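In what follows, a structure is listed as structure tokens, so that the remarks can point back to it.
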Amino acid sequence: MPAAPWLKYDPSGIVCLIAGFIFGPSAAAIVSVLGFAPHLLTNPWGTVMAVAVALALSVPASLIYRRMHTRKGAALALVVGSVAALAVAILGNLLITPIYAKMSVAAVAAMIVPVLLPFNVLKFALHSVVTFLIYKPVSNLVQR
């Protein structure tokens, strides 16, 4: 996105969701943290944001799916996880982006509706659709 070049689509949230759906919230948390750990030295602020968003997406979703182990439960889990992750992403952008992008909080706030919200909604929608479609085949492979 030209207005926010630091925003890049990263499908790793799908891996966090699949891990959480198959193995539970602890696995979701571990994958969410370890998946971004290598980036800590090269991009610490981006790593903090990515981990916080991945945790907000995958842990609530896996907790809900653990209790409601149905297609409806999976859909609800993905929606709740996406909403939680969206809130963390927006809040994180307001707190962290001014530090590393050398922007004022007001400038970042002005980007929420035209840039940050659409990007993150699209990202979480993609994560959710792909997870919903591939979870069962991946789960069947893991259980073999």
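The values are calculated or read from the model by the stated rules, or taken from the named source; none is laboratory data. Since the structure is predicted, the reported quantities are computational estimates derived from the model, not experimental observations. Don't worry about glycine lacking a Cβ; one is built from the backbone with ideal geometry, like all the others, and counts go over all protein chains shown.
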Exercise. Does the range 107-125 contain at least one residue that is in contact with a Phe, Trp or Tyr (Cβ under 8 Å, 6 or more places away or on another chain), over 15 Å from residue 50 (Cα atoms), surrounded by 20 or more Cβ atoms within 10 Å (Cβ to Cβ) and modelled with pLDDT of 95 or more?
Worked result: no
Exercise. Quick check: is even one residue across the range 42-61 modelled with pLDDT under 95, out of contact with any helix residue (DSSP H, G or I) (no Cβ under 9 Å at 6 or more places or on another chain) and not aromatic (Phe, Trp, Tyr)?
Worked result: yes
Exercise. Does residue 99 count as in a helix (DSSP H, G or I) and within 18 Å of residue 44 (Cβ to Cβ)?
Worked result: yes
Exercise. Has the range 39-47 got at least one residue that is farther than 16 Å from residue 135 by Cβ and either in contact (Cβ under 8 Å) with a residue 60 or more places away in the chain or in contact with a strand residue (DSSP E or B) (Cβ under 7 Å, 6 or more places away or on another chain) (or both)?
Worked result: no
Exercise. Are there any pairs, at least 6 apart or on different chains, whose C-beta atoms fall under 6 Å, with the first in the range 67-85 and within 14 Å of residue 120 (Cβ to Cβ) and surrounded by 16 or more Cβ atoms within 10 Å (Cβ to Cβ) and the second among the β-branched types (Val, Ile, Thr) and modelled with pLDDT of 95 or more, and if so, which?
Worked result: 85/53
